[in-house]
Amino acid sequence: MDDATLPEEVFTGSFTQQEPIPDEAIEAAVQVMRTGRLHRYNTIDGELSETDQLEVEFAKWLGVPYCLACASGGAAMQLALRAYGVQAGEPVLTNGYTLAPVPGAIAGVGARPVLVEITDAMVIDLDDLAAKIENSGARLLLISHMRGRLVDMDALMALLEKTGVALIEDCAHTMGAAWRGEKSGTFGLAGCFSAQTYKHVNSGEGGFLTSEDPDFMARAIMNSGSYMLYDRHAAGPGREHFDNARLDTPNCSSRMDNLRAAILRPQLARLDENVERWNARYDAIEEGLAGASGLATVPRPAEETYVGSSIQFLTHTSDTQAIRAFLDRAAMRGVQLKWFGAPEPAGYTSRHDSWRYVDAQNLPKTDAVLARLVDMRIPLTFSLEDCRSIARIIRQCAQETLR
Ligand SMILES: *Cc1c(COP(=O)(O)O)cnc(C)c1O
């Protein structure tokens, strides 16, 4: 059947509407407010704060010994960079395609982002990474698993091992994802996660820093603003690891509070179930776009367990007029798509050339991919039928505009 002969269908749902906070989370939050003990260290005898309990539960869920709940994902990355010991002016490698908090975290600690190309599979380009490790002398890669895409983690770890480069993972889009069964966030020195509204758990703002390294974690806890209460972390390292850190680490207040922790604990308990719900939606859209004219979804490696909270596709053409016509058509029919090829940054999306606090860098391969890259958010408030409808609309708009 010719797609163009189908009757015009319009989608009326919202691409930014998240699910409500679960009732038990609301009740837990109200309970915290009734006590007045919102600060994580404000506990009574024998009480383990909501923040402490959340950290223990998150560490257990991820399969690591240490977790620190933070004010945001960006705060988790800054804490990680400082606890690693990044120095002012030091080069830090990261992907040329990510969200602004990632280069922002590097610049925020006074370091210098060195941007690495991405491939048309939307992951970091390992050849360019190898070249830039050699040329920049960087000691550290802050990889961003942007839009939930994992690079071949075996090849990445082999390269980092060979060159002695440390790894911090930005898992804002891979909370719940894995490579050959190994959870994203456990490959390097540290994992950084976000609990901001549009991520996989929602406390408005919030984040997690995880690690298996006790001395690193001791510095991060001190740095997060633990005062001399650092040994009151149920998911933190033993007292002895703080001997060096306790008086030598600046307090950069970046803590989570008990109210947010209370909201997050029931959500964490449902995360694995929600991953399945996201993937059912993702798979319905991907299936609906199979064989579409003018565009193709980005294939995923078999080793990757993904969380389909967003979907990406590449238009065959790089003709900006055609792509704009496509986006406008889809918007008219209620489907909001984000295009990374737009010269002006909009909403949450920006490109490396609009991060002017970073030295301008030449990334022709990344630019060529972004020119054709279209992204769509998949909130859990979409039904499976919504997803099928959206896929039909995208197909038809592509058929009309992207030939
Ligand atoms: C959201 C996000 C973060 C962290 O964001 P916060 O708002 O600081 O929690 C980091 N990296 C990426 C790719 C993100 O999308």
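Let me confirm something: among 342, 398, which residue is surrounded by 14 or more Cβ atoms within 10 Å (Cβ to Cβ) and not in a helix (DSSP H, G or I)?
After ruling out the rest, the residue left standing is 342.
All but one of (1) touching a Phe, Trp or Tyr at 6+ places or on another chain (Cβ under 7 Å); (2) more than 22 Å from residue 205 (Cβ to Cβ) hold for residue 127; which doesn't?
(1)
Please go through (1) surrounded by fewer than 22 Cβ atoms within 10 Å (Cβ to Cβ); (2) among the small types (Gly, Ala, Ser); (3) within 16 Å of the ligand (Cβ to nearest atom) for residue 73 and return the number of the only condition it doesn't satisfy.
That leaves (1) as the condition not met.
Considering only residues of the range 110-149 that are β-branched (Val, Ile, Thr) and buried (at least 20 other Cβ atoms within 10 Å of the Cβ), which is farthest from the ligand (Cβ to nearest atom)?
The extreme case among them is 133.
Any residue at all in the range 371-381 that's more than 21 Å from residue 285 (Cβ to Cβ) and in contact with a helix residue (DSSP H, G or I) (Cβ under 9 Å, 6 or more places away or on another chain)? Explain how you work it out, then say what you get.
Initially, the range 371-381 is screened for residues more than 21 Å from residue 285 (Cβ to Cβ), giving 371.
Filter once more, so that each one left must be in contact with a helix residue (DSSP H, G or I) (Cβ under 9 Å, 6 or more places away or on another chain): 371.
Within the range 371-381, one or more residues are more than 21 Å from residue 285 (Cβ to Cβ) and in contact with a helix residue (DSSP H, G or I) (Cβ under 9 Å, 6 or more places away or on another chain).
Report, by residue number, each residue of the range 218-248 that is farther than 22 Å from residue 43 by Cα and within 27 Å of the chain's Cα centre (by Cα).
Correct list: 219 only.
Being crowded, with 20+ Cβ neighbours inside 10 Å and hydroxyl-bearing (Ser, Thr, Tyr) is the filter here, so list the residues in the range 192-229 that pass it.
If the condition is that a residue be crowded, with 20+ Cβ neighbours inside 10 Å and hydroxyl-bearing (Ser, Thr, Tyr), then 194, 203, 210, 211, 224, 226 are the ones that fit.
Restricting attention to the range 306-339, and to residues there that are in a strand (DSSP E or B) and touching a Ser or Thr at 6+ places or on another chain (Cβ under 9 Å), which single residue is surrounded by the most Cβ atoms within 10 Å (Cβ to Cβ)?
My answer is 311.
Looking at the range 171-212, which of the residues that are basic (Lys, Arg) and more than 11 Å from the chain's Cα centre (by Cα) is farthest from the ligand (Cβ to nearest atom)? Spell out how you get there, then give the answer.
Kept after step one, since they are basic (Lys, Arg), are these residues of the range 171-212: 180, 183, 199.
Next, only the ones that are more than 11 Å from the chain's Cα centre (by Cα) stay: 180, 183.
Working: 180: 23, 183: 17 Å.
Checked the range 171-212; the qualifying residue farthest from the ligand (Cβ to nearest atom) is 180.
If a residue has to be in contact with a Gly (Cβ under 7 Å, 6 or more places away or on another chain) and either surrounded by fewer than 24 Cβ atoms within 10 Å (Cβ to Cβ) or of a type in the set (Val, Ile, Thr) (or both) to count, how many in the range 163-191 make the cut?
The number of residues fulfilling the criteria is 7.
Results for (1) touching a residue at least 12 places away in the same chain (Cβ under 8 Å); (2) under 23 Å from the mean Cα position of the chain (by Cα); (3) farther than 20 Å from residue 290 by Cα, shown as yes or no for each residue.
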| site | (1), (2), (3) |
| --- | --- |
| 313 | yes, yes, no |
| 323 | yes, no, no |
| 346 | no, yes, yes |
| 383 | no, no, no |
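Which of the strands (runs of 3 or more DSSP E) found entirely inside the range 183-298 contain at least 1 residues meeting this: over 20 Å from residue 19 (Cβ atoms), touching a residue at least 24 places away in the same chain (Cβ under 8 Å) and hydroxyl-bearing (Ser, Thr, Tyr)? Steps first, answer last, please.
Details: elements: 190-194, 207-211, 295-297.
In the range 183-298, the matching strands (runs of 3 or more DSSP E) lie at 207-211.
Can you go through 284, 290 and tell me which one is touching a Cys at 6+ places or on another chain (Cβ under 7 Å) and outside the structural domain of residue 69 (by TED's automatic domain parsing)? Step through it out loud before you land on a result.
Values: 290 fails: touching a Cys at 6+ places or on another chain (Cβ under 7 Å).
Checking each option against the conditions leaves just 284.
Considering only residues that are more than 26 Å from residue 389 (Cα to Cα) and charged (D, E, K, R), which ones fall in the range 320-372?
Within the range 320-372, 344, 351, 353, 356, 359, 365, 367 meet the criteria.
Matching residues to (1) charged (D, E, K, R); (2) under 15 Å from residue 265 (Cα atoms); (3) assigned by TED's automatic domain parsing to the domain that holds residue 251:
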residue	(1), (2), (3)
179	no, no, yes
187	no, no, yes
190	no, no, yes
195	no, yes, yes
200	no, yes, yes
204	no, yes, yes
209	no, no, yes
213	yes, no, yes
220	no, no, yes
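Quick check, is residue 172 in a loop (DSSP other than H, G, I, E, B), more than 23 Å from residue 61 (Cβ to Cβ) and not hydroxyl-bearing (Ser, Thr, Tyr)?
No; evaluated as a whole, the condition is false for this residue.
When the range 146-169 is examined, which residues are found to be without any contact (Cβ under 8 Å) to a residue 40 or more places away in the chain and assigned to a loop (DSSP other than H, G, I, E, B)?
Selection gives 151, 164.
What are the residues in the range 99-136 that are within 15 Å of residue 167 (Cβ to Cβ) and of a type in the set (Val, Ile, Thr), if any?
102, 106, 114, 116, 123, 124, 133 - these are the residues of the range 99-136 that are within 15 Å of residue 167 (Cβ to Cβ) and of a type in the set (Val, Ile, Thr).
Given (1) more than 19 Å from the chain's Cα centre (by Cα); (2) part of a helix (DSSP H, G or I); (3) aromatic (Phe, Trp, Tyr); (4) more than 16 Å from residue 373 (Cα to Cα), identify the lone condition not met by residue 357.
Of everything listed in (1) more than 19 Å from the chain's Cα centre (by Cα); (2) part of a helix (DSSP H, G or I); (3) aromatic (Phe, Trp, Tyr); (4) more than 16 Å from residue 373 (Cα to Cα), residue 357 misses just condition (2).
The values are calculated or read from the model by the stated rules, or taken from the named source; none is laboratory data. Being a predicted model, the structure only gives us computed values, none of them experimental. Because the Cβ atoms are built from the backbone with ideal geometry, glycine has one as well, and the counts that use them run over all protein chains shown.
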